[in-house]
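First, the structure itself, so that you have it in front of you.
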Amino acid sequence: MRFLVSTIGSRGEAQPVTALAVQLKALGNDVKVVAPPDFEDLVTGNGLDFTPVGPNLRNAAMPKLTPDELRKLGEESVREQFRVVSRTAEKADVLVAGGALQHATRSVAESINAHYVYASFCANTLPSPFHAPPALLGNVPMNGTPEENEAQWDQHRRLFGLARDVLNEERAKLGLDKIDDVRDHIFGDAPWLAADPVLGPWPGPGELVQTGAWLIDDQRPLTPELEAFLDSGEPPIYYGIGSMRGGQDAAHEAVEAARKLKKRVVLQQGWARLQLPDDGQDCIAIGEVNQQALFRRVAAIVHHGGAGTTT
């Protein structure tokens, strides 16, 4: 079969969709991956066909935007997704959308009569009265009673509606009818939850397909420098913030806290290019790393990342 697997998120989405694509290819399928240009090496390094969508996220400037500028940026993102996914999905049998910002994938699947699957990587990104929705557009809901959570999910639905007009414009170009509820359109009738059922169970209501986490078997060796650091003392504390921005002050505070505990530190620099406060022998700064190998050798892990990366 022919699959297109698409995401327009950070490493927390790109890593698990790449893992899925690897397994699909191993089963003899033809697989293409659409993701931001930052993840070309991740995708092609696993022997997969890669098509970029959207801007380079790692180095993109983050200016303060007016509401009108933010709206126009969002509309262009939707149009870009339609352009890229439509072009890449030709003859695909199945389209898999990873993450909630997949505005084009279901519409393109409809236009070519392909099957559509939406995948979430964390239970709390799917509507339930048993948890509040995730943060969106600066709105950070707090978990409450089932009634309070349902009210917050209603607000969450309305935020998705900001993309409805441009989405319907693009659907019309494909000969498709208008849709009213953008969020339910993206999530579909039978979303998948690609999270570990023990670490991230679905609380209900109802049943959905919980596949387990999509993981890449990482065989990369640790660098000689990191190996030497790990061998030279007690297991250190790992600290990183993944593809989040900022955090220099937090990195310095983390090192200070570890030193008060007489612990060494491995600082993963990430997209924020975190720097150590000094060149002390009790700390090391690293770049891209095989976490599966490293985490077995540390005393504790402090890591911010998308659900996919953290798993």
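The values are calculated or read from the model by the stated rules, or taken from the named source; none is laboratory data. Nothing here was measured: the structure is a model prediction, and the numbers come from that model. Glycine also receives a Cβ, built like all others from the backbone with ideal geometry; neighbour counts cover every protein chain displayed. Please note that ligands, DNA and RNA were not included when accessible areas were found on the heavy atoms of the full protein model with its side chains. Shrake-Rupley method; radii C 1.70, N 1.55, O 1.52, S 1.80 Å.
Would you pull out the residues with amide H under 5 Å of R264's amide H, same chain only if 5 or more places away, H placed 1.01 Å from N?
It is I237, by chain and number.
When only the heavy atoms of the protein chains count and the probe is 1.4 Å, how do Y116, Y238 rank by accessible area, highest first?
Working: Y116 35, Y238 0 Å².
Per-residue accessible area, sorted high to low, gives Y116, Y238.
Where the accessible area of the chain is counted over protein heavy atoms with a 1.4 Å probe, how much of it, in %, is carbon and sulfur?
Working: 8740 of 16340 Å².
Carbon and sulfur atoms account for 54 percent of the accessible area of the chain.
Find, to one decimal place in angstroms, the Kirkwood hydrodynamic radius of the stretch 153-311, where the mean of 1/r is taken over every pair of different Cα atoms and then inverted.
On the way: mean 1/r = 0.0521 Å⁻¹.
When all Cα pairs of the stretch 153-311 are included, the Kirkwood radius is 19.2 Å.
Right, next: For a bin width of 10 Å, list the pair-distance distribution of the stretch 217-309 built from all Cα-Cα distances, rounded to whole %.
Going out from 0 Å in 10 Å bins, the stretch 217-309 shows 17, 54, 28, 2 percent.
Return the whole-Å distance between the Cα centroid of the stretch 256-307 and the Cα centroid of the stretch 111-185.
Value for the Cα centre distance between the two parts: 35 Å.
Continuing with the same structure: Using the Kirkwood radius built from alpha carbon pairs, what does the Stokes-Einstein equation give as D for the stretch 1-144 at 4 °C and 1.567 mPa s, in µm² per second?
On the way: Rh = 16.1 Å.
The calculation lands on 80 µm²/s.
Ok, one more. Averaged per residue, what accessible surface does the chain expose to a 1.4 Å probe, in Å²? Walk me through the numbers on the way to the answer.
Details: 16340 Å² over 311 residues.
Averaged over the residues of the chain, the accessible area is 53 Å².
If you count only protein heavy atoms and use a 1.4 Å probe, how large is the accessible surface of H185, to the nearest 10 Å²?
10 Å²
Within the chain, which is the longest segment containing none of the trypsin sites (Lys or Arg not before Pro) that sit in a DSSP loop and have at most 15 other Cβ atoms within 10 Å?
Details: sites that count: K64, K91, K178, R245, K262, R273.
The longest such stretch corresponds to 92-177.
Suppose only helical runs count, i.e. DSSP H with n ≥ 4. What mean residue ellipticity at 222 nm does that imply for the chain under -39500 (n - 2.57) per run, divided by all residues and rounded to the nearest 500 deg cm²/dmol?
Numbers: 11 runs with 110 residues, N = 311.
Per the formula, -10500 deg cm²/dmol.
Here's something else I'd like to know. Debye calculation, C-alpha points only, no solvent: report log10 I(q)/I(0) for the stretch 165-214 at q = 0.25 Å⁻¹, in the same order as the q values.
Debye output, listed in q order: -0.89.
Could you give the distance between the Cα centres of the stretch 51-107 and the stretch 238-255, to the whole Å?
Centre-to-centre (Cα) distance: 28 Å.
P(r) for the stretch 1-62, please, calculated from all Cα pair distances in 10 Å bins and given in %.
25, 55, 17, 3, 0
Sticking with this structure for a sec: Kindly identify the stretch 66-147 as rounded, prolate or oblate by the Cα gyration tensor criterion: order the square roots of the eigenvalues as a ≥ b ≥ c, call it rounded if a/c is under 1.5, otherwise compare a/b with b/c, prolate if a/b is larger, else oblate.
On the way: a/c = 3.70, a/b = 1.43, b/c = 2.58.
It comes out oblate by the Cα gyration axes.
So, one more: Using a ≥ b ≥ c from the Cα gyration tensor of the stretch 108-221 (square roots of the eigenvalues), is it rounded, prolate or oblate, where a/c under 1.5 gives rounded and otherwise the larger of a/b and b/c decides, a/b for prolate?
Values: a/c = 1.93, a/b = 1.17, b/c = 1.65.
The shape class here is oblate.
Per-residue HN-Hα couplings for the stretch 182-193, Karplus 6.51 cos²θ - 1.76 cosθ + 1.60 at θ = phi - 60°, whole Hz, x for Gly and Pro?
Going residue by residue, I get 5, 5, 5, 4, 5, 5, x, 7, 9, x, 9, 10 Hz, with x marking Gly and Pro.
Moving on. If you take every DSSP beta bridge whose two residues both sit in the chain, what share of them, in percent to the nearest 5, is antiparallel? Walk me through the numbers before you get to the answer.
On the way: 1 of 36 bridges.
Antiparallel: roughly 5 percent of the beta bridges in the chain.
Whole-Hz Karplus ³J(HN,Hα) for the stretch 118-135, in order, using 6.51 cos²θ - 1.76 cosθ + 1.60 and θ = phi - 60°, x for Gly and Pro?
Calculated HN-Hα couplings, in order: 9, 10, 10, 10, 7, 4, 6, 8, 10, x, 7, x, 8, 7, 6, x, x, 5 Hz.
Would you mind giving the three semi-axes, in whole Å and largest first, of the ellipsoid equivalent to the chain according to its Cα gyration tensor? Intermediate results must be reported in sequence, preceding the final value.
Numbers: eigenvalues 250, 104, 76 Å².
In descending order, the three semi-axes are 35, 23, 20 Å.
Something else now. For a quick check: with amide H placed at 1.01 Å from N, whose amide H comes under 5 Å from W192's, ignoring anything fewer than 5 positions away on the same chain?
Residues meeting the amide H criterion: Y118, A119, S120.
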